[in-house]
Amino acid sequence: MNLSRIYAIAFGVVYTLVGLLGFTVSTTLATANLIVFPVNVLHNLVHLLVGLLGLGAYFTGQTVNYARGMAILFGILTIAGFLPQPLLGLVPLGGADIPLHAATALLAGAAGWLYRPAGAGRPAAIRQ
Amino acid sequence: MIQLNAHSVAPVLDSQVPGGDHAGSIVALLYLPIVVMGLLLALEAGARAGVPAAMRLRSAFIDSSSSVRMAAFGMSISATIHLALAPSHWTEDHVRAVLFALDGIALATVAISSLLLRTSAWRAAAVALLSADVFAYFAYVVAGVEQFDTVGIATKLVELVVIGLVLVGSTHHVGSCGSWLRELVSHKANGGLLR
């Protein structure tokens, strides 16, 4: 079971949608609530970017790299959520964002490192 | 000391939270991929650890077709929304809240069964359940108990799409209405029509 592939398409779709929906509540640096999640324009752009990267990774076969990148990025964002908000006066990362970012990072790490598809990372000639 | 009055706070919260009383269902929906990924990771871990049940379920999942997986995901969306609606409806209508909860559990059960069982018995249950959902929603709207809203309409659209997927999948086995689709696909495989 290629979990990194499932991860890339599932989170690619969700974060793309969340990024687009975010623009309906905030198009400036001012913090607004997307349901219960604090967002602003920068936050929405990051959501949109990681979502589109997920879709791109799914179609180009770079899902393991995508999952690993997401694990690192969202791990950092989770820790940053505990700092004074909005972070550096720019991006809101606290509140309800913290558990969502943490779960995203944990699952990305598992999909990227723990359960790679058989043959991933080996030369094509050996893979048969 | 500041005392919060529930009646004065609620309208403010409603105005700040897009989706109103459906906000909970939208938040739950955001967590659905996380729950699904968590379940798949647990299944993979169990299979790699040599747990027989996990190995059997894992191979059944891998053998499932794309249309079945999409139908299962659609049913999961509907189940999540119904389960999340149950608590918010409890205060105004106990019966409807219980129905939401039961419906959500039934849909989740059928969604999991569709992926893991090798029989097609789940298809009849899925069509019956989803048709009842769509019919009940419109009956409640006509009766004035519910109003049309974005979450409700979107959920019913997802359910209608899932009904279509389930029916197309079943005709694939029987070989009637789905035959034109198979023609198209076989042409593609031979480098024909869709090339």
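The values are calculated or read from the model by the stated rules, or taken from the named source; none is laboratory data. In this text the structure is predicted, and so the values were computed from the model without any measurement. Here the Cβ is made from the backbone with ideal geometry for all residues, glycine too, and neighbour counts use every protein chain on show.
The residue list B:Ala71, B:Ala86, B:Ala79 contains one member that is at pLDDT 90 or above, away from every other protein chain (no Cβ under 12 Å), out of contact with any Gly (no Cβ under 6 Å at 6 or more places or on another chain) and under 30 Å from B:Ser131 (Cα atoms), which is B:Ala71.
Mind checking whether some residue in the range A:66-74 is within 11 Å of chain B (Cβ to nearest Cβ), over 30 Å from B:Met55 (Cα atoms), out of contact with any Ser or Thr (no Cβ under 8 Å at 6 or more places or on another chain) and assigned to a helix (DSSP H, G or I)?
Taking every residue of the range A:66-74 in turn, none turns out to be within 11 Å of chain B (Cβ to nearest Cβ), over 30 Å from B:Met55 (Cα atoms), out of contact with any Ser or Thr (no Cβ under 8 Å at 6 or more places or on another chain) and assigned to a helix (DSSP H, G or I).
Hand me the list of helices (runs of 4 or more DSSP H) wholly inside the range B:119-195 holding 1 or more residues that are at pLDDT below 90, of a type outside the set (A, V, I, L, M, F, W, C) and farther than 18 Å from B:Ile81 by Cβ. In the range B:119-195, B:150-174, B:179-189 are the helices (runs of 4 or more DSSP H) which contain 1 or more residues that are at pLDDT below 90, of a type outside the set (A, V, I, L, M, F, W, C) and farther than 18 Å from B:Ile81 by Cβ. When B:Leu41 is tested against the conditions (1) free of Cβ contacts under 8 Å to residues at least 24 places away in the same chain; (2) of a type outside the set (S, T, N, Q); (3) assigned to a helix (DSSP H, G or I); (4) away from every other protein chain (no Cβ under 11 Å), the lone failure is (4).
For the range A:37-48, the condition holds for at least one residue, the condition being that it is out of contact with any Gly (no Cβ under 6 Å at 6 or more places or on another chain), under 15 Å from A:Leu100 (Cα atoms), outside any helix (DSSP H, G or I) and within 13 Å of chain B (Cβ to nearest Cβ). Which of the numbered conditions does A:Phe11 fail, given that it passes all the others? Conditions: (1) within 14 Å of chain B (Cβ to nearest Cβ); (2) in contact with a Phe, Trp or Tyr (Cβ under 7 Å, 6 or more places away or on another chain); (3) closer than 30 Å to B:Ser65 by Cβ; (4) not hydroxyl-bearing (Ser, Thr, Tyr). So A:Phe11 meets the others, but not (2). Just one residue in the set A:Pro92, A:Pro84, A:Pro99 is more than 11 Å from chain B (Cβ to nearest Cβ) and under 24 Å from B:Ser25 (Cα atoms); that residue is A:Pro92. Taken over the range A:46-69, the criterion of being surrounded by 21 or more Cβ atoms within 10 Å (Cβ to Cβ) and either in contact (Cβ under 8 Å) with a residue 60 or more places away in the chain or of a type in the set (Val, Ile, Thr) (or both) is satisfied by A:Val50, A:Thr63, A:Val64, A:Tyr66, A:Ala67. In the range A:18-34, the residue that is farthest from the other protein chains (Cβ to nearest Cβ) out of those that are in contact (Cβ under 8 Å) with a residue 24 or more places away in the chain and over 12 Å from the mean Cα position of the chain (by Cα) is A:Leu29.
Is it true that B:Val36 is under 20 Å from B:Thr155 (Cβ atoms), β-branched (Val, Ile, Thr) and more than 11 Å from chain A (Cβ to nearest Cβ)?
no
Yes or no, residue by residue, for (1) small (Gly, Ala, Ser); (2) outside any helix (DSSP H, G or I); (3) free of Cβ contacts under 8 Å to residues at least 24 places away in the same chain:
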site	(1), (2), (3)
B:Gly24	yes, no, no
B:Leu29	no, no, no
B:Ala54	yes, no, yes
B:Phe61	no, no, no
B:Ala72	yes, no, no
B:Glu92	no, yes, yes
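A:Tyr115 falls short on exactly one of the conditions (1) within 14 Å of chain B (Cβ to nearest Cβ); (2) free of Cβ contacts under 8 Å to residues at least 40 places away in the same chain, and that condition is (2).
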